[in-house]
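The values are calculated or read from the model by the stated rules, or taken from the named source; none is laboratory data. Bear in mind that the values here come from a model prediction, so they are computed numbers and not experimental data. FYI the Cβ positions are ideal-geometry reconstructions off the backbone, even for glycines, and counts take in every protein chain you see. Just so you know, the surface numbers come from the protein's heavy atoms only, side chains and all, with ligands and any DNA or RNA stripped out. Shrake-Rupley method; radii C 1.70, N 1.55, O 1.52, S 1.80 Å.
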Amino acid sequence: MLEQVGSLIGSPWIYAVVALSILLDVFLPVLPSGVLVITVATAAAAGSATDVPDILALTLCAATASVLGDLVAYRLAWRGGARLDRAISRSRRLTTAQERLGAALARGGGALVVLARFAPAGRSVVSLGAGAAHRRARDFLPWSALAGLTWAAYSVALGYFGAHWLGASWLATAVSVGALFGAGAGAAYVMRREPRASEAS
């Protein structure tokens with residue numbers, strides 16, 4: 001992937017490719033947008049200042065695309081009507097996520113939104129659940145922005161510092177991607193444990 005990304009590194013199109021990948025993966029969670037961000041950051045660490053994307057710009061691009069993707073999913077789910085409500089009611093995962101998200105936002109907390117950004121498909125479940133439940137945008141979007149910025153900063157840092165420590169190689173990319181997936185597995189584990197802790201208290 002480094003070679004394919006390398007052909008775009010010197011062009012502003014790299015930001016568009018990153019943004020599009022992140023925008024779409026709220027609907028297609030199988031898209032490797034996190035891997036792409038890490039790969040671009042790794043390539044940036046290996047290049048010169050004149051031919052690579054700016055790390056701050058890459059972080060802001062990834063964070064902005066994440067929030068916009070959440071907003072699109074949220075609005076589509078808001079307008080989804082009875083058909084979407086029936087689809088959610090048939091999915092225990094979506095129903096549970098919708099209930100937990102509503103409870104978290106009602107308490108004035110949205111750590112669940114941030115955790116879900118790292119968990120596999122968590123972003124999709126939370127954004128669609130918030131829209132389908134007609135949660136207020138002012139309760140959801142600030143947490144979505146924090147989630148997007150946290151995820152983007154973490155992903156870029158993994159690629160950038162991984163390349164500095166291990167060199168711009170497949171090893172650096174693999175270790176960085178492994179750390180991203182590790183964070184996702186950790187987030188999914190915490191999200192699964194939280195309801196049990198609540199039930200016990």
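Points worth noting:
- Long-range neighbours under 7 Å by Cβ, at least six apart or interchain, first residue over 18 Å from Ser21 (Cα atoms) and surrounded by 23 or more Cβ atoms within 10 Å (Cβ to Cβ) within region 111-133, second modelled with pLDDT of 85 or more and among the polar types (S, T, N, Q): Val113/Ser144
- Within region 22-36, tally of residues that are open to solvent by less than 20 Å² (accessible area, probe 1.4 Å) and at pLDDT 90 or above: 1
- Residue count for region 66-92, restricted to those that are modelled with pLDDT of 70 or more and surrounded by 13 or more Cβ atoms within 10 Å (Cβ to Cβ): 14.
- Whenever a residue of region 58-80 is in contact (Cβ under 8 Å) with a residue 24 or more places away in the chain and over 14 Å from Ser144 (Cβ atoms), its partners that are among the small types (Gly, Ala, Ser) and open to solvent by 30 Å² or more (accessible area, probe 1.4 Å), lying with C-beta atoms within less than 6 angstrom and at least six residues away or across chains, give the pairs Thr59/Ala153.
- Val156 closer than 21 Å to Phe27 by Cβ, of a type in the set (Val, Ile, Thr) and at pLDDT 80 or above: no
- Test result for Leu149, surrounded by fewer than 19 Cβ atoms within 10 Å (Cβ to Cβ) and either at positive phi or modelled with pLDDT of 70 or more (or both): no
- Restricting Ala46, Ala63, Ala16 to those that are at pLDDT 85 or above and more than 16 Å from Arg117 (Cα to Cα) reduces the list to Ala16.
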